[in-house]
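Accompanying notes for the structure given below.
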């Protein structure tokens, strides 16, 4: 197990190197640069001076060399849009809301999804089941920004119950988190609900469940101890990739709700051709996904004793 | 184990319940329950002018208590910096204008140059413009101070103005924009990567930007220029405190050091939370004019226009821009309409055409496309009245703007067909490309133009892309067109007409328009100090542009914002660098409500 873990850790290095290579190449293939005319009022000479200062007029392979030299020293480079600031500094300021949004959304999606999935399975073909399936279908078919618009119009504009934009300052200031979390979390919650329901129904038909009933155990004990526990194995393994996706996939929601996170910085960086910031955020997201996948693989062994890595 | 499962179910249930109930438990921040933090206004209290400042003549009778003097506005995007020499975008300049004094300012109503840090505007009559017409003496107001209490001197202005020529600082902003100072052209030719660059820039300007004493500056123009003094309203010419700049180094003006920034204007930065908001509070040491009534201004960074408007309706903002699609609904609602303010800006919208490539290199074709453009339909159907149909590149308020000169470009399908037939007698008109950014209004504009131009036999290929690609395509002569315009920095017409100069090609002249005769006329109009003669030259210049247009002009920008009824004292400015209201927000206050 330890050997497997170490090997997987070492594999992260070439994967991330490939990510830098591909991203750097693609980024420079796209038209436009950070100092194009029309983005400010400076003269052509002033812009050329900046292009030279940041080596953007040199061959791409050379620029990649400069970038990797800095990166190996832990320096993501200067921010080309916010001149004077560094990418390290901006990422340091932006990570908290993104991580908080990711964690809260994962919690929301997991709790709501599992709860509705269990409810639907236990009350199969009842109104509750139809409601749960209806929620899952609606959640899966409504884009998060559309849901966000509807929630904002209802809860912020019409009812004035919740703010339309912004992010929480701390745990006591939870209101700004409600709408973004629901908007972002409804799709994965629906997915988890469907998987939970299907898994529950499969387990409910197992022989050991019938045996438990034959032994005269109470239905609640059977559900919690024998059905839910075993039905959770595929659900738990799903939550890993889902949480990685939520941590890295909140660009639209961060932009829409004006959340000061990395997702918003990423979108701005792409639009502004802020090369160092694009590289840094892509690398960061790649690292999160690679590590989340590793954790999920290790979790398989934890939740299912039949799986052993060598 | 059982207990853990119970806890799990309890958590699941309570979380769901909480999310439902949470929304019902309270509201967003309403303006009425906002209070300034204890020290937000510093210790100045009230609006008693400091020594040397202009008295407000007493506070307005309907002003709300100090703890309610909090204004929350939206900057539409986060500033990249608040370094005056590096700011460029409206969302940066709007805030910066509250933080740093310039020598001069502009009256938001009359557009006339007014003294700010300067004691008065130099004129020949007051003897501050020398007989040579190029040497200006600017006397500063007495007792000007930085926010740290130290004296602000003429040397601080010298440092700031010369720093504006350091392209490592200003290259992405207004660097190279001001070329009328003697020595500026030499300074702008220097290599920014050279080890002696800063010293070389200083040497190039040492005889033209001079501190005669602590309170007197000497400025020398390259040649007589009507617009010369107007340049000193721009933030790039603000005084900055040298020791502060050197202390912060490359971090000067960025969010992490902003709260310690030494400022000279009526406000200073209290905090800057990246990607969320910045807060400015009154600068107790400000002696450049009236002190603000407001105790705190929160500037939010909400980029999505619809969400900003939602936040305004939810009570999170006291001011908001209006999304185009929302305007018809606002106009139809008398309550909402009462909160909207609409005013003509010193800015026009046009389609820049690349006059070096076909078919735009044929002036008859460009004239024909102007004539084929139904501006009224665009103003009404695309912008729903948020833009005004307009045929001239200048707005009425610009000195000696002559809209009649451009009457030949007015919408007229018969004339359009004739002009295009003149350009392409055989009828083989090339398909034109209209590259647009991916936003609903711009795309609606593109499809409207496509339909209008189809009526005169011109096929239009619409390409949707992002701004950076579009700029690169223009630079590389691939796009051919760009929907853009010009927001004026100051009222003097040079600010507008200079952008069609050959010297602006590659910078603000995106269509590569280069005509010797135009260059000559543009240069003459700035140098001609006799108003009547200047008017004559400006008329010739406009006639020239009407006969050989560099753009397809279609609208005047109208600034349309919503303000809560309790926000009083706003005097809208038409200039490019102000998002909202009064030039310095000093007259703005929250009324009792």
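Confirm whether residue B:312 is away from chain A (no Cβ under 13 Å) and either under 21 Å from the mean Cα position of the chain (by Cα) or buried (at least 24 other Cβ atoms within 10 Å of the Cβ) (or both).
Answer is no for this residue.
What are the residues in the range B:256-271 that are in contact (Cβ under 8 Å) with a residue 24 or more places away in the chain and within 14 Å of chain A (Cβ to nearest Cβ), if any?
Within the range B:256-271, B:258, B:261 meet the criteria.
May I ask you to verify whether residue B:482 is at pLDDT 95 or above, within 30 Å of residue A:29 (Cβ to Cβ) and touching a strand residue (DSSP E or B) at 6+ places or on another chain (Cβ under 6 Å)?
So residue B:482 does not fit the description; no.
Being within 10 Å of chain A (Cβ to nearest Cβ) and surrounded by 20 or more Cβ atoms within 10 Å (Cβ to Cβ) is the filter here; which residues of the range B:191-204 pass it?
Selection gives B:192 alone.
Can you tell me which residue in the range B:332-343 is farthest from residue B:568 (Cα to Cα), limited to those that are at pLDDT 90 or above and surrounded by 15 or more Cβ atoms within 10 Å (Cβ to Cβ)? Talk me through it step by step, then tell me what you get.
Start the filter on the range B:332-343 by keeping residues that are at pLDDT 90 or above, which leaves B:332-340.
Going one step further and asking which of them are surrounded by 15 or more Cβ atoms within 10 Å (Cβ to Cβ), we end up with B:336, B:339-340.
Values: B:336: 16, B:339: 11, B:340: 13 Å.
Looking at the filtered set, the residue picked out is B:336.
What helices (runs of 4 or more DSSP H) lie completely within the range A:151-250 and have 3 or more residues being within 14 Å of chain B (Cβ to nearest Cβ)?
The helices (runs of 4 or more DSSP H) meeting that bar are A:175-204, A:229-248.
Okay, residues lined up against (1) under 30 Å from residue A:96 (Cα atoms); (2) at pLDDT 95 or above; (3) not in a loop (DSSP other than H, G, I, E, B):
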{"site": "B:232", "(1), (2), (3)": "no, yes, yes"}
{"site": "B:243", "(1), (2), (3)": "no, yes, yes"}
{"site": "B:250", "(1), (2), (3)": "yes, no, yes"}
{"site": "B:253", "(1), (2), (3)": "yes, no, no"}
{"site": "B:256", "(1), (2), (3)": "yes, no, yes"}
{"site": "B:259", "(1), (2), (3)": "yes, no, yes"}
{"site": "B:262", "(1), (2), (3)": "yes, yes, no"}
{"site": "B:269", "(1), (2), (3)": "yes, yes, yes"}
{"site": "B:279", "(1), (2), (3)": "yes, yes, yes"}
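Any idea how many residues of the range B:471-490 are under 25 Å from the mean Cα position of the chain (by Cα) and more than 8 Å from chain A (Cβ to nearest Cβ)?
The number of residues fulfilling the criteria is 7.
Are any residues in the range A:165-175 free of Cβ contacts under 8 Å to residues at least 24 places away in the same chain and within 15 Å of residue B:310 (Cα to Cα), and if so, which ones? Give the derivation first.
Step one: list which residues in the range A:165-175 are free of Cβ contacts under 8 Å to residues at least 24 places away in the same chain, which gives A:169-175.
Scanning the range A:165-175 gives no hits.
For the range B:277-297, how many residues meet the condition of being buried (at least 24 other Cβ atoms within 10 Å of the Cβ) and either free of Cβ contacts under 8 Å to residues at least 40 places away in the same chain or under 30 Å from residue B:438 (Cβ atoms) (or both)?
Residues flagged as buried (at least 24 other Cβ atoms within 10 Å of the Cβ) and either free of Cβ contacts under 8 Å to residues at least 40 places away in the same chain or under 30 Å from residue B:438 (Cβ atoms) (or both) within the range B:277-297 amount to 0.
If we keep just the residues of the range A:49-76 that are within 12 Å of chain B (Cβ to nearest Cβ) and without any contact (Cβ under 8 Å) to a residue 12 or more places away in the chain, which is surrounded by the fewest Cβ atoms within 10 Å (Cβ to Cβ)?
So the residue we want is A:57.
Can you find even one residue in the range B:555-565 that is in contact with a helix residue (DSSP H, G or I) (Cβ under 7 Å, 6 or more places away or on another chain), part of a loop (DSSP other than H, G, I, E, B) and closer than 28 Å to residue B:63 by Cα?
Within the range B:555-565, one or more residues are in contact with a helix residue (DSSP H, G or I) (Cβ under 7 Å, 6 or more places away or on another chain), part of a loop (DSSP other than H, G, I, E, B) and closer than 28 Å to residue B:63 by Cα.
One residue is enough: does the range B:148-160 have a residue meeting the conditions touching a strand residue (DSSP E or B) at 6+ places or on another chain (Cβ under 9 Å), part of a loop (DSSP other than H, G, I, E, B) and surrounded by 15 or more Cβ atoms within 10 Å (Cβ to Cβ)?
Yes - at least one qualifying residue is present in the range B:148-160.
Quick one: which of B:250, B:221, B:211 is within 14 Å of chain A (Cβ to nearest Cβ) and either touching a strand residue (DSSP E or B) at 6+ places or on another chain (Cβ under 8 Å) or surrounded by fewer than 24 Cβ atoms within 10 Å (Cβ to Cβ) (or both)?
On inspection, the qualifying residue turns out to be B:250.
Just one of A:109, A:140 is in contact (Cβ under 8 Å) with a residue 12 or more places away in the chain and away from chain B (no Cβ under 12 Å); which is it?
Working: A:109 fails: away from chain B (no Cβ under 12 Å).
Answer to the selection: A:140.
Answer yes if at least one residue in the range B:433-444 is within 14 Å of chain A (Cβ to nearest Cβ) and touching a residue at least 60 places away in the same chain (Cβ under 8 Å), and no otherwise.
Yes, because at least one residue in the range B:433-444 is within 14 Å of chain A (Cβ to nearest Cβ) and touching a residue at least 60 places away in the same chain (Cβ under 8 Å).
The values are calculated or read from the model by the stated rules, or taken from the named source; none is laboratory data. Note that the structure is a prediction, hence the values are computed from the model and not measured. Every residue, glycine among them, receives a Cβ derived from its backbone with ideal geometry; neighbour counts consider all protein chains shown.
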